[in-house]
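S.K.: Sharing a structure below in structure tokens format, with a few things to ask.
The values are calculated or read from the model by the stated rules, or taken from the named source; none is laboratory data. For clarity, every value in this text was computed on a predicted model and none was experimentally measured. Don't worry about glycine lacking a Cβ; one is built from the backbone with ideal geometry, like all the others, and counts go over all protein chains shown. SASA here: full protein model, heavy atoms, side chains in, ligands and nucleic acids out. Shrake-Rupley method; radii C 1.70, N 1.55, O 1.52, S 1.80 Å.
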Amino acid sequence: MLRVAELSAGYGGFQALFDASLEVNAGEAVAVIGPNGAGKTTLLRVISKLISPSAGDVTFEGRSLAAVAPHDVVARGIAHVPENRRLFPRLTAEENLRMGAYTSRRTYAERLAQVYALFPRLRERRHQPAGTLSGGEQQMCAIARALMSGPKLLLLDEPSAGLAPVVVQSIFELVRRICAEGYTVLIVEQNIRQVLKVVSRAYLLEAGRIVRSGSADELRTAPEIQKAYLGL
Amino acid sequence: MSDIFDVYLLEAVLNGLLLGGLLALLSLGLNLVFGVIDVVWICYAELIMCGMYAVYYLHVQYHWPLVLAMLAAIGVVAFLGWLLHQLVIRPVLNAEPINQLLVTGGVLFFLQAAATLAFGIEFKNLGVTLPSVRLGEMSFSAARLVAFGAALGGVIALWIFLSKTYLGTAIRAISQDRAIMPLMGVDPGRIFALTSALGGALAGLAACLLVLQYDIHPAIGLSFGPITFLICVLGGLGNMLGGFVAAFIFAQFIAVGGFFFAVEWGYVIAFIFFIAVMFWRPRGILGK
Amino acid sequence: MRLFAAALCAFALAAQAQQKEIKIGFIYDVSGPFAGGGSEPAQIGTKAAIDMFNEKGGVMGYKINAIFTDAQSKVDVAINEMTRLVDQEKVDIVAGVYSSAQCVPMVQQTESRKKFLWLNVCIATAVFKDRKLNYVFRPQAHSDQFGAWSCDYINYYAKSKFHSEPKNLRVAIIHEDGPYGVGVAAGNESQCKKHGMNIVLKEGYSASAPDLSSLVTKLKRARPDVLLHTGYNPDITLFLRQAKEQGLRVKAIIGHGAGHSQIDKLRQTFGEDVNYFHSIDPAAGQLLDPKTLKPGIWDLTQEMVKRYQAVKGPGELPPHVSMGFNNTWILLNDVLPRAIKQYGGFDSEALRKAALDTDIPVGGTLQGYGVKFYPPGHQLSGQNERAFPVVMQYVNGRARIVWPREVQTTDPVLPFPKGHSFAP
Ligand SMILES: Nc1ncnc2c1ncn2[C@@H]1O[C@H](COP(=O)(O)OP(=O)(O)OP(=O)(O)O)[C@@H](O)[C@H]1O
Ligand SMILES: [Mg+2]
């Protein structure tokens with residue numbers, strides 16, 4: 001479904017991503033793991049065209065995204081939950097959801113019902129400015145906002161970052177349910193132990209390069225990952 | 001007429017209310033543009049001037065019916081707002097605020113000079129006089145009443161647009177996080193252009209009402225630019241409700257202050273109030 | 001050695017012959033609100049006078065090189081332009097100047113540079129009063145006279161037209177708050193008080209004020225019979241419009257020059273509502289009775305009208321055209337030739353001496369007044385003591401001179417007739 005081929009990207013003169021390649025098949029949940037500053041966020045930004053690559057290509061459902069304008073990516077079926085959630089703090093929770101449905105207004109009511117079924121807490125808070133929601137609620141709202149466009153592929157950038165341990169649990173529970181509902185998910189995480197329980201495959205990104213890939217089980221048991229990331 | 005009830009004071013208060021409506025209308029567009037794009041159109045009152053000339057030429061020279069001329073003028077200023085954004089603001093969107101002020105300030109002088117060249121320095125006016133509305137001993141300007149209604153209507157329409165529509169929500173959202181708008185499927189460039197056109201249209205609407213009461217000349221912006229700017233700052237730049245409230249407060253100071261003391265003092269008191277508020281709440285009455 | 005001196009002499013003479021021109025820098029406003037308030041017509045009048053002289057070969061063989069600069073209706077710009085004219089253009093004379101707000105600070109600066117300044121238009125008495133000026137001259141009447149004139153006028157007609165003793169007349173004075181308005185209003189107040197009139201309101205306002213409704217409300221409360229008004233253009237239209245909308249009623253409205261003298265403009269806006277309005281200004285030359293003028297002067301008037309209308313098309317000439325034309329004519333026709341002939345040139349000293357010798361009788365200029373400047377030591381030294389303004393009344397768009405009695409061309413219409421928008 002998504003195919004990233006030898007992608008390089010950077011910021012100004014600084015290169016953050018080197019020849020990264022990966023693939024996500026329909027219905028799959030895939031993780032990209034790696035340390036701080038590895039280039040995980042950069043990878044997602046290139047996929048959703050917030051920044052353009054210096055080399056390489058991204059194809060989605062067999063078509064290249066090279067000529068697609070940033071704001072047309074959503075309509076192609078890719079929704080991106082950005083790092084740090086990035087809700088519109090002075091819009092209410094529901095208005096944030098409405099922004100998520102900007103490109104698919106006809107199905108708004110229907111999707112809103114679906115999303116509220118998935119996140120009952122949001123329905124309670126729907127008239128509250130998003131900036132006043134708790135961290136966990138904000139993350140739910142950010143994910144819900146992405147789901148409002150009815151995406152085929154969901155990009156999640158560190159959904160567990162900055163949340164209390166109990167909340168982290170429930171967020172991963174949610175991610176699991178979303179995967180179970182049949183969404184295709186590409187998730188970036190530093191909480192490797194948790195994320196490997198949710199996804200079927202994963203890539204390890206270090207210093208801008210994909211250095212390893214394999215099934216979740218393979219990676220979990222790989223000695224270097226156990227040593228470097230799982231503290232075993 | 002009893003001693004306690006001063007009909008003239010009442011007239012001053014009501015005139016203040018009407019003036020407030022006019023000032024509120026003036027502040028709408030400037031606030032909208034600042035709230036969304038984060039750039040102050042120093043040349044806002046000069047756009048209004050262009051609108052006034054448009055009404056004048058279409059109605060007086062080309063004999064269009066007044067309402068049609070006004071609608072066209074709103075369109076013209078909306079276009080000017082769009083053009084201003086595309087040609088002048090866009091290249092400096094990410095520049096220092098001082099540079100943004102300088103370029104829009106440059107446009108101010110450009111428009112003044114261009115108007116002088118194109119239309120001459122002569123004072124022009126529509127020659128339309130609306131009747132006044134009598135209320136016992138009191139008498140009010142119909143043009144002001146219309147402006148008051150337009151301000152109220154404008155603010156309500158804008159509020160509905162901003163809170164109930166996708167586009168309106170996007171306009172509010174973009175000021176809160178410009179960078180992720182593409183993730184929502186929104187093209188920020190289009191929203192900015194649209195907001196600029198909308199701000200221009202509001203300036204055009206203000207022009208249509210001013211032209212009923214004021215002579216048109218290339219320097220007319222000087223009478224309204226500074227006070228509009230003050231009101232926006234007083235209410236909290238970019239905060240439309242704040243601007244609305246501030247306009248009415250400011251107008252009451254001018255009208256009632258001018259009634260009890262000399263007219264000049266009305267303005268002085270209003271400015272003192274402005275300065276006091278700036279010390280007390282530097283971000284304006286309803287600013288965040 | 002002798003030969004060398006002669007050669008030097010010849011060289012100097014040749015240089016002078018070549019340069020034979022007099023540089024005059026004129027400061028007017030062709031942008032901003034003053035432009036439409038009369039400054040631009042004054043410039044057109046000035047140009048017409050200069051062209052007329054240059055076409056006849058200049059003044060005593062010197063071509064007049066006039067440099068016009070735009071003060072943009074701003075005080076600081078006017079001062080900067082004056083400095084530029086003096087320091088960079090090296091003009092021999094600075095002249096023109098429409099606004100009293102510009103004149104007041106400017107005289108100080110030209111005086112300290114000992115530069116000859118000839119004021120064409122601005123009228124504030126404060127420009128001269130107690131300033132002990134030596135190099136500044138003004139052929140024009142001054143604002144105290146304007147203010148006094150309107151009170152004398154209504155005082156004269158109190159009984160016959162208003163059917164009232166002067167002391168029972170209720171007078172309101174409103175004015176823009178620059179030196180011009182303040183000066184005229186002060187003249188109004190002291191003269192009307194002298195006649196024992198009841199001054200029910202006196203108030204200033206800023207010419208760029210966006211709203212004057214509370215002033216109108218206060219006027220309604222004060223119920224004046226006569227309204228004395230001094231203002232520029234945008235404020236006069238705003239005031240009249242709001243006055244009409246709010247239903248102000250008075251028996252007469254008397255303006256004092258500037259905006260009130262732009263009757264064509266006022267009629268465009270207000271039509272019949274400004275019928276029977278008055279304005280006080282130095283006479284517009286074309287309105288005078290030719291019989292009251294010295295021989296040959298009326299021809300000048302017609303020349304001025306012709307040249308102005310060639311630029312602006314037909315229509316009533318505002319008095320500012322005459323101020324531009326006539327006062328420039330006095331300088332070029334009288335002062336400059338005397339300076340050159342009797343005082344050997346046109347440096348500031350020569351010009352000053354020549355100006356102080358000026359002695360033109362009443363009827364000797366196209367605005368009717370004569371010229372003799374108050375000498376040094378007088379509290380208004382440099383001001384023309386023979387200048388006087390006239391009260392004009394506009395009837396159906398035509399101006400008629402109704403005061404002073406000596407030059408009156410018709411009997412005034414007082415008070416506003418029944419049915420007039422402002423009539424009680
Ligand atoms: N806007 C930017 N401008 C310049 N450099 C940037 C920018 N954003 C990221 N970088 C740099 O690019 C590299 C990769 O950053 P990126 O945000 O992709 O890492 P990450 O893997 O998401 O890290 P984290 O786990 O901390 O979120 C880092 O060295 C970072 O400093
Ligand atoms: Mg990151």
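S.K.: Could you compute the net charge surrounding residue A:172? Neighbours are other residues with a C-beta less than 11 Å from the C-beta of residue A:172; K and R count +1, D and E count -1. Don't skip to the answer; put the middle values down first.
M.R.: Working: positive: A:176, A:177, A:193, A:197; negative: A:173, A:189.
Taking every Cβ under 11 Å from that of residue A:172, the sum is +2.
S.K.: Here is a further query. Quick one: which residues, 5 or more positions from residue C:164 or on another chain, have an amide H under 5 Å from its amide H? H modelled 1.01 Å from N in the peptide plane, none for Pro or chain starts.
M.R.: C:159
S.K.: Hey, rough spin-label estimate for residue C:51 and residue C:21, points 7 angstrom out along Cα→Cβ, what's it come to in nanometres?
M.R.: 1.8 nm
S.K.: How would you order B:121-129, C:371-379, C:233-241 from highest to lowest mean count of nearby Cβ atoms within 10 Å? List each step's numbers first, then the result.
M.R.: Numbers: B:121-129: 19.3, C:371-379: 15.2, C:233-241: 25.0.
Averaged packing, sorted descending, gives the order C:233-241, B:121-129, C:371-379.
S.K.: Can you pull the mean other chain C-beta count within 10 Å for peptide B:114-124? Don't skip to the answer; put the middle values down first.
M.R.: On the way: counts 0, 1, 6, 1, 0, 0, 5, 12, 9, 14, 4.
Taking all residues of B:114-124 together, the mean is 5.
S.K.: For chain A, just list the percent of Cα-Cα distances falling in each 10 Å bin from zero outward, please.
M.R.: For chain A, the binned pair fractions read 8, 33, 37, 19, 3, 0 percent.
S.K.: Please express the Cα-Cα pair-distance distribution P(r) of the range B:126-260 as a list of whole percents, one per 10 Å bin, running from 0 to the bin with the greatest distance.
M.R.: Spelled out bin by bin, the range B:126-260 gives 10, 32, 34, 17, 6, 1, 0 percent.
S.K.: Pop out the Kirkwood hydrodynamic radius of chain C from its pairwise C-alpha distances, inverse of mean 1/r, in Å to one decimal. The partial results should precede the final answer.
M.R.: Working: mean 1/r = 0.0453 Å⁻¹.
That comes to 22.1 Å for chain C.
S.K.: What share of the DSSP beta bridges in the protein assembly as shown is antiparallel, in percent to the nearest 5?
M.R.: Values: 38 of 92 bridges.
Close to 40 percent.
S.K.: Could you please put B:140, C:68 in sequence from largest to smallest accessible area, using a 1.4 Å probe? Numbers along the way, then the final one.
M.R.: Details: B:140 15, C:68 60 Å².
The most accessible residue leads, giving C:68, B:140.
S.K.: Averaged over peptide C:265-275, how many Cβ atoms belonging to another chain are found within 10 Å of each residue's Cβ? Don't skip to the end; give the middle numbers.
M.R.: Details: counts 5, 1, 1, 8, 8, 3, 2, 0, 1, 0, 0.
The shielding value for this peptide is 3.
S.K.: Provide Rg over Rh for the protein assembly as shown; use the alpha carbon set for both Rg and the Kirkwood Rh (inverse mean inverse pair distance).
M.R.: Working: Rg = 37.5 Å, Rh = 32.7 Å.
My calculation puts Rg/Rh at 1.14.
S.K.: Using a 10 Å cut-off on Cβ to Cβ distances, tally the other chain neighbours for every residue of C:234-241 and report the average as a whole number. Before the final figure, lay out the partial values.
M.R.: Values: counts 9, 2, 2, 5, 4, 0, 0, 10.
Taking the mean over all residues of the peptide, I get 4.
S.K.: Counting only other residues whose beta carbon sits under 14 Å from that of residue A:85, what net charge do I get with K and R as +1, D and E as -1?
M.R.: Working: positive: A:86, A:145; negative: A:83, A:137, A:157, A:158, B:177.
Net charge in that neighbourhood comes out at -3.
S.K.: Beyond 18 Å, what share of the Cα-Cα pairs of the range B:41-117 remains, rounded to the nearest whole percent?
M.R.: Working: 1323 of 2926 pairs.
Roughly 45 percent, once rounded to a whole number.
S.K.: Extension gain residue C:194-residue C:406, at 0.36 nm per residue separation less the Cα-Cα distance, in nm?
M.R.: Values: separation 212, 0.36 × 212 = 76.32 nm, distance 2.23 nm.
Taking residue C:194 through residue C:406 to full extension adds about 74.1 nm, to one decimal.
S.K.: Report for the range A:122-232 the percent antiparallel among DSSP-assigned beta bridges with both residues inside it, nearest 5. Write out the running numbers ahead of the final one.
M.R.: Details: 6 of 11 bridges.
Of those bridges, close to 55 percent are antiparallel.
S.K.: I would also like to ask the following. Enumerate the lysines that residue C:115 could reach by cross-link, defined here as Cα to Cα under 30 Å, with residues fewer than 8 away along the same chain left out.
M.R.: C:20, C:23, C:47, C:56, C:63, C:74, C:90, C:129, C:132, C:341, C:353, C:372
S.K.: Once you've got the GNM for chain C with C-alpha springs shorter than 10 Å, pick whichever of C:69, C:217, C:328 has the biggest mean-square fluctuation.
M.R.: The residue with the greatest mean-square fluctuation here is C:217.
S.K.: Over all pairs of distinct alpha carbons, what does the Kirkwood formula give as the hydrodynamic radius of the range C:95-229, in Å? Intermediate results must be reported in sequence, preceding the final value.
M.R.: Values: mean 1/r = 0.0618 Å⁻¹.
After inverting the pairwise mean of 1/r, the radius is 16.2 Å.
S.K.: Now for a different question. Provide the buried accessible surface between chains C and B in square angstrom, both chains summed, 1.4 Å probe, rounded to the nearest 100. Don't skip to the end; give the middle numbers.
M.R.: Details: alone 16730 and 14090 Å², together 27620 Å².
Roughly 3200 Å² of accessible surface disappears when C and B pair.
S.K.: Kindly report the accessible area of the protein assembly as shown per residue (heavy atoms of protein chains, probe 1.4 Å, no ligands, DNA or RNA), in Å². Please report the intermediate quantities before stating the final value.
M.R.: On the way: 36350 Å² over 944 residues.
Heavy-atom accessible area per residue stands at 39 Å².
S.K.: Please compute the net charge surrounding residue A:209, taking Lys and Arg as +1 and Asp and Glu as -1 over other residues with Cβ under 15 Å from its Cβ. Write down the numbers at each step before the final one.
M.R.: On the way: positive: A:40, A:212; negative: A:6, A:19, A:206, A:224.
My count for the surroundings of residue A:209 gives -2.
S.K.: Sort B:6-15, B:197-206 for me by packing, meaning the mean count of neighbouring Cβ atoms within 10 Å per residue, highest on top. Numbers along the way, then the final one.
M.R.: Details: B:6-15: 19.6, B:197-206: 27.5.
Descending packing order for the listed peptides: B:197-206, B:6-15.
S.K.: State the Kirkwood hydrodynamic radius of chain B in Å, one decimal place, computed from all pairs of distinct Cα atoms. Working shown, then result.
M.R.: Numbers: mean 1/r = 0.0509 Å⁻¹.
This gives a value of 19.6 Å.
S.K.: Leaving out ligands, DNA and RNA, and with a 1.4 Å probe, what % of the accessible surface on the range A:58-186 is carbon or sulfur?
M.R.: Taking all protein chains in place, the range A:58-186 shows 49 percent carbon and sulfur surface.
S.K.: For chain C, with all protein chains present and a 1.4 Å probe, just round the carbon and sulfur fraction of the accessible area to a whole percent. Can you show the working numbers first?
M.R.: Working: 7800 of 15150 Å².
C and S fraction of accessible area: 51 percent.
S.K.: Still on this model: Residues of the range B:263-278 losing 30 Å² or more of accessible area relative to the isolated chain, 1.4 Å probe, heavy atoms only?
M.R.: Listed in order, they are B:263, B:264, B:267.
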